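K.L.:
Let me give you the structure first, and then I'll get to my questions.
The values are calculated or read from the model by the stated rules, or taken from the named source; none is laboratory data. Bear in mind that the values here come from a model prediction, so they are computed numbers and not experimental data. No Cβ is skipped: glycine too gets one built from the backbone with ideal geometry, and neighbour counts run over all protein chains shown. Surface areas here come from the heavy atoms of the whole protein model, side chains and all, with no ligands, DNA or RNA. Shrake-Rupley method; radii C 1.70, N 1.55, O 1.52, S 1.80 Å.
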Amino acid sequence: MTWFDRLFPTLMLLMPLAIALGSKRHERLSREDAGPLMRRLVWATLGLVALTIGVQFLLEATHESRTGLRAAWPVVMAVIGFQFLWFKRAVPALGARDPGWRPPQESPVRSASLAPRHLDGALPPWIWVTSWMTFALMVAATAWAISEGAPLLIALGLAFFPGFAFGARSSAFEPATLDPGGSLELQASYRELRLAKARGFLMLGLVGSAVFAVTAVFVVVKPEYAVHWGAYGGATVGLLGGLFGLMGSLMRARANRLLAETLDEQSAPHA
Amino acid sequence: MITIRLNSPVPLVDQLVAALRCSIARSEVAPGDTLPTVRQLAADLGVDMNTVSRAYRVLATSGLVQTTRGRGTSVTASRDVAPLDELALRERLRGALADARLAGRNATDIRALVNEEIQSMWAETTTHPTTEDLP
């Protein structure tokens with residue numbers, strides 16, 4: 001697993017820079033100050049990668065077993081380092097290049113669609129019924145496994161689904177800032193974002209709870225598989241969560257960019 | 001779709017009532033259509049939920065919408081609205097024109113404004129876009 005400890009945090013730390021470098025500079029609505037912000041992102045990324053790898057080699061040299069600080073260091077750097085680089089360095093740089101990464105423009109003119117969102121089918125009743133029935137099966141399986149000797153703590157993992165179901169419901173109704181002209185493209189973009197977020201949250205909640213429920217059953221039925229299943233299942237949930245977050249951010253950026261472009265076109269003096 | 005201006009001297013409730021009345025009059029929302037929930041409209045417009053709630057109540061009092069517990073607020077058939085005779089209409093127009101003149105606007109400007117509003121009100125309209133209409 002040594003290769004994983006070196007590779008995983010490095011990739012996570014490089015991701016914000018990769019996304020920023022891959023983003024296009026908006027022709028009309030980019031800002032002049034993007035250069036210094038990009039340079040700050042590059043230096044911060046290089047510094048953190050060097051620190052992470054350097055300390056990792058030091059820990060490998062001084063700690064024989066992969067426990068304690070040696071085990072925690074790559075994960076801590078992947079999470080905290082990523083958060084710092086993404087939110088404090090990459091998002092401002094992206095925002096300078098592209099209005100999609102800036103908060104939506106506050107305007108005294110507010111527009112809203114009269115189409116009720118609870119009828120637009122983001123989460124129709126059959127999806128809810130199927131999801132909760134699946135969750136009930138997981139609860140039953142976990143309860144059985146615990147009664148057969150699986151650790152009680154594993155039941156905490158079932159909280160994944162109710163938590164994410166709440167997120168799904170909120171996403172299905174989240175506000176949509178429209179332009180005064182009521183651009184259909186913008187409305188479609190918000191709807192796609194709502195659908196993807198609501199269904200993604202629900203799916204992630206189900207997969208997360210399923211990993212714990214199946215782990216609980218493996219602990220009883222095939223204990224030798226339980227550890228591997230838990231590790232791979234947890235990693236899969238983490239990966240899916242990361243991809244889901246990235247996809248949501250990109251879709252949100254698209255809606256924000258469309259709004260900024262539409263407002264800019266509408267505010268431009270007519271020839 | 002409706003639009004309001006946060007920096008307008010006209011109270012938000014009045015703007016909201018006027019905007020919703022226009023949408024109903026232009027058949028952007030048809031009789032029987034459900035309007036957005038108070039929470040949705042308030043969040044989209046960035047106004048307090050009480051503002052939207054009050055606007056819906058004003059429209060319900062004038063018979064344009066009805067709120068049913070558990071089913072939300074829907075547009076009623078336009079024939080349910082009390083008929084407006086010519087005298088009443090003249091009084092309202094006169095009031096608006098008097099306000100315009102007191103504000104120092106000249107007749108040419110107002111005539112252009114009225115024509116614009118007439119064209120907008122009687123323009124060919126469709127109901128709000130459904131999911132099939134969206135690109």
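K.L.:
Evaluate the following for A:ASP120: is it assigned by TED's automatic domain parsing to the domain that holds A:ARG31, touching a helix residue (DSSP H, G or I) at 6+ places or on another chain (Cβ under 9 Å), surrounded by 15 or more Cβ atoms within 10 Å (Cβ to Cβ) and acidic (Asp, Glu)? Give the derivation first.
P.N.:
Numbers: assigned by TED's automatic domain parsing to the domain that holds A:ARG31: no; touching a helix residue (DSSP H, G or I) at 6+ places or on another chain (Cβ under 9 Å): yes; surrounded by 15 or more Cβ atoms within 10 Å (Cβ to Cβ): yes; acidic (Asp, Glu): yes.
Answer is no for this residue.
K.L.:
Give me a count of the residues in the range B:26-58 that are more than 7 Å from chain A (Cβ to nearest Cβ), on the phi > 0 side of the Ramachandran plot and either touching an Asp or Glu at 6+ places or on another chain (Cβ under 9 Å) or not polar (S, T, N, Q) (or both).
P.N.:
Counting residues in the range B:26-58 that are more than 7 Å from chain A (Cβ to nearest Cβ), on the phi > 0 side of the Ramachandran plot and either touching an Asp or Glu at 6+ places or on another chain (Cβ under 9 Å) or not polar (S, T, N, Q) (or both) gives 1.
K.L.:
Checking the structure you have, find out if any residue of the range A:35-52 is open to solvent by less than 30 Å² (accessible area, probe 1.4 Å) and within 14 Å of chain B (Cβ to nearest Cβ).
P.N.:
No: zero hits.
K.L.:
Looking at B:ARG94, B:ARG79 in this structure, which one is modelled with pLDDT under 90, open to solvent by 90 Å² or more (accessible area, probe 1.4 Å), more than 16 Å from the chain's Cα centre (by Cα) and farther than 27 Å from A:ARG117 by Cβ? Step through it out loud before you land on a result.
P.N.:
Values: B:ARG94 fails: modelled with pLDDT under 90.
Of the residues listed, the single one that is modelled with pLDDT under 90, open to solvent by 90 Å² or more (accessible area, probe 1.4 Å), more than 16 Å from the chain's Cα centre (by Cα) and farther than 27 Å from A:ARG117 by Cβ is B:ARG79.
K.L.:
Now for a different question. Here is a list of conditions, (1) open to solvent by 30 Å² or more (accessible area, probe 1.4 Å); (2) hydroxyl-bearing (Ser, Thr, Tyr); (3) facing another protein chain (nearest Cβ under 7 Å), and B:SER23 meets all of them except one; can you say which number that is?
P.N.:
In the conditions (1) open to solvent by 30 Å² or more (accessible area, probe 1.4 Å); (2) hydroxyl-bearing (Ser, Thr, Tyr); (3) facing another protein chain (nearest Cβ under 7 Å), B:SER23 misses (1) alone.
K.L.:
Looking at B:THR73, is it within 30 Å of A:ALA176 (Cβ to Cβ) and over 16 Å from the mean Cα position of the chain (by Cα)? Don't jump to the end; show me each part of the working.
P.N.:
Working: within 30 Å of A:ALA176 (Cβ to Cβ): yes; over 16 Å from the mean Cα position of the chain (by Cα): no.
It is false that B:THR73 is within 30 Å of A:ALA176 (Cβ to Cβ) and over 16 Å from the mean Cα position of the chain (by Cα).
Yes/no matrix, rows are residues, columns are (1) at pLDDT below 90; (2) under 30 Å from B:LEU6 (Cβ atoms); (3) of a type in the set (D, E, K, R):
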| site | (1), (2), (3) |
| --- | --- |
| A:ALA61 | yes, no, no |
| A:ARG70 | yes, no, yes |
| A:ILE80 | no, no, no |
| A:ARG89 | no, no, yes |
| A:PRO103 | yes, yes, no |
| A:MET133 | no, no, no |
| A:THR142 | no, no, no |
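K.L.:
Would the range B:46-57 turn up any residue that is modelled with pLDDT of 85 or more and within 24 Å of A:ALA188 (Cβ to Cβ)?
P.N.:
The answer is yes, given that some residue of the range B:46-57 is modelled with pLDDT of 85 or more and within 24 Å of A:ALA188 (Cβ to Cβ).
Here is a yes/no grid of residues against (1) over 22 Å from A:ALA34 (Cα atoms); (2) part of a loop (DSSP other than H, G, I, E, B); (3) out of contact with any Asp or Glu (no Cβ under 7 Å at 6 or more places or on another chain):
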residue	(1), (2), (3)
A:ARG89	no, no, yes
A:SER111	yes, no, no
A:THR134	yes, no, yes
A:ALA141	yes, no, yes
A:ALA150	yes, yes, yes
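K.L.:
Identify, please: which residue in the range A:164-177 is open to solvent by less than 10 Å² (accessible area, probe 1.4 Å) and within 11 Å of chain B (Cβ to nearest Cβ) and is, among those, farthest from the chain's Cα centre (by Cα)?
P.N.:
Our first condition is that a residue be open to solvent by less than 10 Å² (accessible area, probe 1.4 Å); within the range A:164-177, this holds for A:165, A:168, A:171-172, A:176.
Narrowing the set further to residues that are within 11 Å of chain B (Cβ to nearest Cβ) leaves A:172, A:176.
Numbers: A:ALA172: 17, A:ALA176: 20 Å.
Looking at residues that are open to solvent by less than 10 Å² (accessible area, probe 1.4 Å) and within 11 Å of chain B (Cβ to nearest Cβ), I get A:ALA176.
K.L.:
Could I ask something else about it? Quick test for you: out of A:ALA112, A:ALA61, A:ALA78, pick the one residue that is out of contact with any Cys (no Cβ under 6 Å at 6 or more places or on another chain), surrounded by 13 or more Cβ atoms within 10 Å (Cβ to Cβ) and more than 30 Å from B:THR73 (Cβ to Cβ).
P.N.:
On the way: A:ALA112 fails: more than 30 Å from B:THR73 (Cβ to Cβ); A:ALA61 fails: surrounded by 13 or more Cβ atoms within 10 Å (Cβ to Cβ).
A:ALA78 is the lone residue from the list that is out of contact with any Cys (no Cβ under 6 Å at 6 or more places or on another chain), surrounded by 13 or more Cβ atoms within 10 Å (Cβ to Cβ) and more than 30 Å from B:THR73 (Cβ to Cβ).
K.L.:
Quick check, is A:GLY234 part of a loop (DSSP other than H, G, I, E, B), surrounded by fewer than 18 Cβ atoms within 10 Å (Cβ to Cβ) and more than 14 Å from every other protein chain (Cβ to nearest Cβ)? Can you show your working first?
P.N.:
On the way: part of a loop (DSSP other than H, G, I, E, B): no; surrounded by fewer than 18 Cβ atoms within 10 Å (Cβ to Cβ): yes; more than 14 Å from every other protein chain (Cβ to nearest Cβ): yes.
The answer is no for A:GLY234.
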